[in-house]
Amino acid sequence: MSAYRRPDVEIATFLDDEGRPVPYGTLQGDPPEEAYSRCAHPERFEPVVAVARALLEHLVATYEVERRDDVVDGRPTTVLTPAGGGAVLRLQIGGGPLPDARVAAGFRFEDIWPDCGCDACDDDVADLLDDLEHTVLSIVEGRLSEWREVPARDGSAAWTIHQRIEGPLGHDGGWWNHKAPFPAELPDEPHRWPAWHRRS
């Protein structure tokens with residue numbers, strides 16, 4: 001059983017209108033207003049799709065999971081249900097306005113790469129790939145915790161969902177939404193999802 005290896009992907013260089021390389025990921029200061037509604041080179045996110053597909057193949061080959069392919073909100077969706085009580089993972093690859101990958105797992109965890117993709121966001125594709133891989137592998141290795149806080153500590157909301165991914169590129173944050181139903185399925189103490197079982 002081999003460890004996950006990133007596929008060979010090319011992070012291409014793109015040129016601006018004057019023929020100069022666009023240094024994505026290095027923007028300083030406020031971007032021009034039009035950058036918020038523009039993605040000059042959506043194809044630069046194609047490596048995200050390639051890496052997400054490689055991750056999916058790795059998970060199916062490496063872990064004891066049941067795979068179900070479906071269509072959700074008009075997008076192809078793969079649901080991986082692990083043996084042993086780990087977090088169920090839902091993965092959408094491509095099918096949106098940009099080449100992207102969406103991951104949902106556990107009770108309420110969700111993330112997308114790229115999150116927006118506009119030129120003002122100035123995403124560095126290499127950083128997106130690192131974060132996508134770290135997030136997915138952390139979930140299956142048992143490093144995702146989720147819980148709810150009622151009411152929110154600062155009194156700003158009736159409830160808050162907290163999520164934590166441990167590791168060097170970890171994530172620790174909370175969110176709430178007045179329009180969303182109360183997250184009754186979440187425990188009020190951190191629930192750490194167990195690691196997926198590897199195939200023997």
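The values are calculated or read from the model by the stated rules, or taken from the named source; none is laboratory data. Note that the structure is a prediction, hence the values are computed from the model and not measured. Cβ placement follows ideal geometry from the backbone for every residue including glycine, while neighbour counts extend to all protein chains displayed.
So is residue 148 touching a strand residue (DSSP E or B) at 6+ places or on another chain (Cβ under 6 Å) and in contact (Cβ under 8 Å) with a residue 40 or more places away in the chain or not?
Yes, satisfied.
Can you tell me which condition residue 64 does not meet? The list is (1) of a type in the set (D, E, K, R); (2) surrounded by fewer than 19 Cβ atoms within 10 Å (Cβ to Cβ); (3) touching a helix residue (DSSP H, G or I) at 6+ places or on another chain (Cβ under 8 Å), and all the others hold.
Only one criterion is unmet by residue 64, namely (3).
Can you spot a residue in segment 173-181 that is within 30 Å of residue 23 (Cα to Cα) and either among the small types (Gly, Ala, Ser) or modelled with pLDDT under 95 (or both)?
Looking for residues that are within 30 Å of residue 23 (Cα to Cα) and either among the small types (Gly, Ala, Ser) or modelled with pLDDT under 95 (or both), one finds at least one in segment 173-181, hence yes.
I'd like to check which strands (runs of 3 or more DSSP E) are fully inside segment 1-117 and have at least 1 residues that are within 20 Å of residue 127 (Cβ to Cβ).
Once the strands (runs of 3 or more DSSP E) in segment 1-117 are filtered for at least 1 residues that are within 20 Å of residue 127 (Cβ to Cβ), what remains is 89-93, 101-105, 109-113.
Go through segment 108-117 and report how many residues are modelled with pLDDT under 95 and crowded, with 19+ Cβ neighbours inside 10 Å.
2
In segment 2-54, what residues are touching a strand residue (DSSP E or B) at 6+ places or on another chain (Cβ under 7 Å) and loosely packed, with under 10 Cβ neighbours inside 10 Å?
Result: 21, single match.
So residue 159 clears everything in (1) over 17 Å from residue 195 (Cα atoms); (2) at pLDDT below 95; (3) under 14 Å from the mean Cα position of the chain (by Cα) except one condition, right? Which one?
(3) is the only condition that residue 159 fails.
Run residue 95 past the list (1) closer than 30 Å to residue 23 by Cβ; (2) in contact (Cβ under 8 Å) with a residue 24 or more places away in the chain and report the number of the one that doesn't hold.
Status for residue 95: all satisfied but (2).
What tally of residues in segment 69-82 results from selecting those that are surrounded by 12 or more Cβ atoms within 10 Å (Cβ to Cβ) and either charged (D, E, K, R) or modelled with pLDDT under 95 (or both)?
Here the count works out to 3.
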